[in-house]
Amino acid sequence: MQFMPPLRLLLGITLLVTGGRLFWLFLGCLGFVFTFYFAELTIQSQPHSVVLRMALLAGALGAMAAVFLQKYAVLARGFFAGGYLLIEMLKALRLRTVHHHWLIFVVGGLARAILMSVVFGWTLIILFSLMGPNLILETFHFGPQLSELFFICLVILGIVIQSRLIRIKSPL
């Protein structure tokens, strides 16, 4: 879909610099991206409009859950982001995960959810600083080495911005 690269770029930049102040936005964005990604993988026979509607609904539900069910949304956000990040990192390392997507997702999700409950503030900073660059770099087509360099630079930039500008209070 043609609108996805600019949308991913915008979401990536927003996640990179907003920190915990807009965690409801983060959960909504994550619900959208996660659903869009997995729907494209699993229901390839459906038109893109169905996938898009599913992703928009998941994003809206994620944002509402973050507002109304804040404590549980934090753990859910950690779970979904952790699963997504582990799969993306394994793809970046060119490891085949075709048959084990859900198992890898659950392992990454559980690890991130536990981390979220233990060190919430820094976990948010790190989570936003990893998700933002990942979405940003999905919109560009650099070579593997240049992508890795940009990813590392953007992660460091995100951590610096968020640790200096945003005071995060744990909703747990």
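The values are calculated or read from the model by the stated rules, or taken from the named source; none is laboratory data. Treat the numbers as computed from the prediction; the structure is a model and nothing was measured. Neighbour counts are summed over all protein chains in view; Cβ atoms, including those assigned to glycine, are modelled from backbone coordinates with ideal geometry.
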**Prompt:** Quick one: is ARG77 in a loop (DSSP other than H, G, I, E, B) and either modelled with pLDDT of 75 or more or surrounded by 13 or more Cβ atoms within 10 Å (Cβ to Cβ) (or both)?
**Reply:** no
**Prompt:** So is LEU85 modelled with pLDDT under 75, within 27 Å of ILE156 (Cα to Cα) and either of a type in the set (Val, Ile, Thr) or within 14 Å of the chain's Cα centre (by Cα) (or both) or not?
**Reply:** no
**Filter result for the condition that a residue is crowded, with 20+ Cβ neighbours inside 10 Å and farther than 14 Å from TYR37 by Cβ, over LEU110, LEU124, LEU95, LEU115** = LEU124
**Prompt:** Taking the condition in contact with a Cys (Cβ under 9 Å, 6 or more places away or on another chain) and in a helix (DSSP H, G or I), does ALA113 pass?
**Reply:** no
**Asked** Does the range 118-127 contain at least one residue that is of a type in the set (Val, Ile, Thr), farther than 24 Å from LEU93 by Cβ and outside any helix (DSSP H, G or I)?
**Response** yes
**Fill in**
Reported set for the range 121-150 where residues are among the aromatic types (Phe, Trp, Tyr) and farther than 15 Å from GLY82 by Cα is PHE140, PHE142, PHE150
**Request:** Could you please find all residues in the range 95-129 being out of contact with any helix residue (DSSP H, G or I) (no Cβ under 6 Å at 6 or more places or on another chain), free of Cβ contacts under 8 Å to residues at least 60 places away in the same chain and within 22 Å of PHE26 (Cβ to Cβ)?
**Result:** VAL106, VAL107, LEU110, ILE114, SER117, VAL118, VAL119, PHE120, TRP122, ILE126
